[in-house]
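Taking it in order: structure first as C-alpha cells, then the write-up.
What follows is calculated from the coordinates using simple rules that are stated; it is not laboratory data. Just so we're clear, the structure is a prediction, and the values are computed from it rather than from any experiment. Cβ sites come from the backbone with ideal geometry, for glycine too, and all protein chains shown count toward neighbours.
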Amino acid sequence: MALTRRRTLLAGAALGGVALLTGCSEDDGPDRTEHSRAADRLRGRSARDSTTLLARYDATLAAHPALESRLRPLRSEVARHAEAFTGERAAPSPGGGAGGGDGDGPARDAGAPASGPAPHGSRRPSDPQVPRDERAARTALADAERKLADVRTKALTAAPPELARLLASVAAAGAAHAYLLTEPAG
C-alpha cells in the first residue's frame with residue numbers, strides 16, 4: 001500500500017505543478033524576460049541550491065549506506081533539477097562531494113542542525129553535517145527539501161514564465177520528496 005500512496009502523492013504533486021503553471025502570467029514586461037539579469041541570477045541561485053541539496057544527499061548516503069535504495073531515486077531527481085537550471089550534468093555519484101557553486105543560496109541554510117559529525121570521519125569541511133541517526137538524517141533531508149521548495153515557490157512571482165514553470169515543477173517535486181523522506185519505510 002505504501003507504494004500506491006507514493007504514486008498517488010507524486011501524481012498529485014505533478015498535477016499541483018501543472019495547476020501552478022496554468023496560473024503563471026504571460027506578462028513579458030521588461031523585468032520578466034527569460035534572459036534578464038534578474039532571471040539569470042535566479043536561475044544561477046536555483047542551480048546552486050540544487051547542487052547544495054545534492055551534496056546533502058551525497059553526505060547522507062555516505063553516512064548511511066543502508067538508505068541507498070530509499071535515497072538514490074530522490075538524489076537522481078535533484079541531480080536532474082540542477083541540470084535543468086544550468087544545462088550541465090550534475091555529479092553522477094556520491095563520495096565525490098557534488099557540492100559545487102559558491103554556496104550563497106538559501107539551501108546552504110536549509111538543513112536541520114546536525115547531531116554530530118558524520119560516521120567514519122569521512123566528512124570534508126565543506127560537506128554538510130549529517131545526523132548519526134538514520135531517521136534524523138532523513139528528517140534533515142526532508143527539512144532541506146521543504147525549505148527549498150518554499151524558497152522556490154516564493155520566487156515564482158518574480159520569475160519570467162518559463163523559469164516560473166521550472167521553479168513550480170521543481171518546488172512540487174521537492175515537496176513530494178519531503179513527504180517521501182518522512183514516510184515510514186515500507
Practice prompt. Grab the Cα-Cα distance for Ser76 and Glu134, subtract it from 0.36 nm times how many residues apart they are, and report the gain in nm with one decimal.
Written response: 18.9 nm
Worksheet entry | Protection proxy ranking of 156-164, 169-177, 135-143 - average other beta-carbon atoms within 10 Å, highest first | 169-177, 135-143, 156-164
